[in-house]
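Encoded as structure tokens, the structure appears first; notes follow it.
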Amino acid sequence: SLATTAITCFTRGLDLRKETEDVLCPASCPLWQFYVFGDGVYASLSSVCGAAIHRGVITSAGGAVRVQALPGQDNYPAVNANGIQSQTLSRWASSFSVTRIKSPVLEAVGRAVSTARPSTGKRPKKQLDKKAGNKDCKADIAFLIDGSYNIGQRRFNLQKNFVGKVAVMLGIGTEGPHVGVVQASEHPKIEFYLKNFTAAKEVLFAIKELGFRGGNSNTGKALKHTAQKFFSLENGARKGIPKIIVVFLDGWPSDDIEEAGIVAREFGVNVFIVSVAKPTTEELGMVQDIGFVDKAVCRNNGFFSYQMPTWFGTTKYVKPLVQKLCSHEQMLCSKTCYNSVNIGFLIDGSSSVGDSNFRLMLEFISNIAKAFEISDIGSKIAVVQFTYDQRTEFSFTDYITKEKVLSAIRNIRYMSGGTATGEAITFTTRSVFGPMKDGPNKNFLVVVTDGQSYDDVRGPAAAAQKAGITVFSVGVAWAPLDDLKDMASEPRESHTFFTREFTGLEQMVPDVIRGICKDFLDSKQ
């Protein structure tokens, strides 16, 4: 029989050098730390002991395992077995299988444990920090690499080296930056997601294994696909962490990139373009759109574009790029109107409204609220109902999830009474928006009323606007247009809405949302 090698919880198939090797897994490895890809046939990136427990060859008490090297394959499946959830992997260059060995295990386990633990008191501390990564660089990054015929196999490999160096210098770790890779060619292909690896070594290996696809350089298509699909929570994107796409482009795109840039900005993604060997004078005739860089980047301010003359000798370009990617406060596209506004609704509870119309009004504000990303670090909603009197139904800090906000709106009871809109605006400005004054979000007030106010609205609305609140007025039935215009922010036409019937409120929802987003963007430019 072969000699048994003691390994650690984290030894992977690719760390073993022989075709067939007998190894000894230590006891009590923490199950949640295992990375296992596949089922039965495991990608060589998998933890050997993790795969052995997943397969049922050993338990978490450890033991001896025979590891057999196998060729790579496509589509390793995700299967939950024996307390370990294996993950999918679309392709890997090598695999392994695990089987039982009959052997006198016990005395060997004693030996294995000592080799699996660093003996000095100092070492483990360092390891923990390394796993956490660079905490000062908070970013979820997709490297969109060029896999087109433009770049060719040779420069594709140089590109991989460069991306690898950037990934290492970023300081990837559980609490640092997370990265994934998408390859752009004829059709985009997500090679791996943010959640797949949290250590630089794993990422480096994954980058090394990437195969060149070839095809047209449909960067626009790939950028749009990445902005829409890559950053979901289930793919590992983290709340409140800037989303970044770094587009590597050799030459120029074969398709239109402008629309993709717009989509990325709408999704709150910061797009960087690293252009290499940009088109020469004689090539310009072949380029669809000479200004492609400016149209795709997050902001056309010079910060988001980066040029390298060629793929040769790029080491000196690594550090300046990493510094940009870690400049949290420069990520101007992370804030979108959907995740960075406070919207206060001031709703008319006067007796002329009536119960069923009041429900339609609640539905209207609920449908507007639904469009926004409501959370403790995102957008916030408050509602005040008014007659002669005002009642804060809930303030901005009462509910920080969308479900809770929508259910609170459903439960609002109709007051019935007079109409003192001016006083209600003053109350809302002071007691609902007042506490939010120095917060990061932009403030909006949507006033919904069905009639003439008994008091002056012009003064209170001007004071609200002076306090940095943008006012939209929504009138129904008998609400006089002069009142509505007096309340609305400039330009008044685009901040004033009117419908004869309460049933007409529904059609206005998209326009109000669009109005809020337009004001938000204008305030950022």
Sulfur and carbon atoms: percent of accessible area, the range 216-370 [1.4 Å]: 52
Taking the chain and dividing mean pair separation by its residue count, relative contact order in percent (alpha carbons under 8 Å, at least six apart): 9
Whole-number percent relative contact order across the range 224-344, with pairs defined as alpha carbons under 8 Å at least 6 apart: 27
Apportionment of accessible area to carbon and sulfur, the range 382-476, percent (1.4 Å): 49
Within-15-Å neighbourhood charge of E403 [Cβ basis; K, R +1; D, E -1]: +2
1.4 Å probe accessible area per residue over the chain, in Å²: 46
Value of relative contact order over the range 140-330, rounded to a whole percent, pairs C-alpha under 8 Å and six or more apart: 23
Fraction of antiparallel bridges per DSSP, the range 140-330 only, in percent to nearest 5: 10
Lysine pairs meeting the criterion (Cα under 19 Å, 8 or more apart or interchain), as found in the range 156-315: 24
Euclidean distance of C-alpha centroids, the range 332-367 and the range 203-266, integer Å: 36
Counting DSSP beta bridges with both ends in the range 1-76, the antiparallel % (nearest 5): 75
Structure-derived volume of the Cα convex hull per residue in Å³: which label, when the choices are (1) 193; (2) 182; (3) 203: (2)
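When the accessible area of the range 5-100 is computed with all protein chains present and a 1.4 Å probe, what percentage of it is carbon and sulfur?
On the way: 2050 of 3990 Å².
Looking at the range 5-100 in its full context, I get 51 percent from C and S.
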Gyration tensor verdict on the range 357-467 (Cα atoms; rounded if a/c is under 1.5, prolate if a/b is larger than b/c, oblate otherwise): oblate
Beta bridge orientation in the chain: antiparallel %, DSSP, nearest 5: 35
Binned Cα-Cα distance frequencies in the range 126-211 - 10 Å width, integer %: 18, 50, 24, 7, 0
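The values are calculated or read from the model by the stated rules, or taken from the named source; none is laboratory data. Nothing here was measured: the structure is a model prediction, and the numbers come from that model. Here the Cβ is made from the backbone with ideal geometry for all residues, glycine too, and neighbour counts use every protein chain on show. Surface accessibility is based on the protein's heavy atoms, side chains included, excluding ligands, DNA and RNA. Shrake-Rupley method; radii C 1.70, N 1.55, O 1.52, S 1.80 Å.
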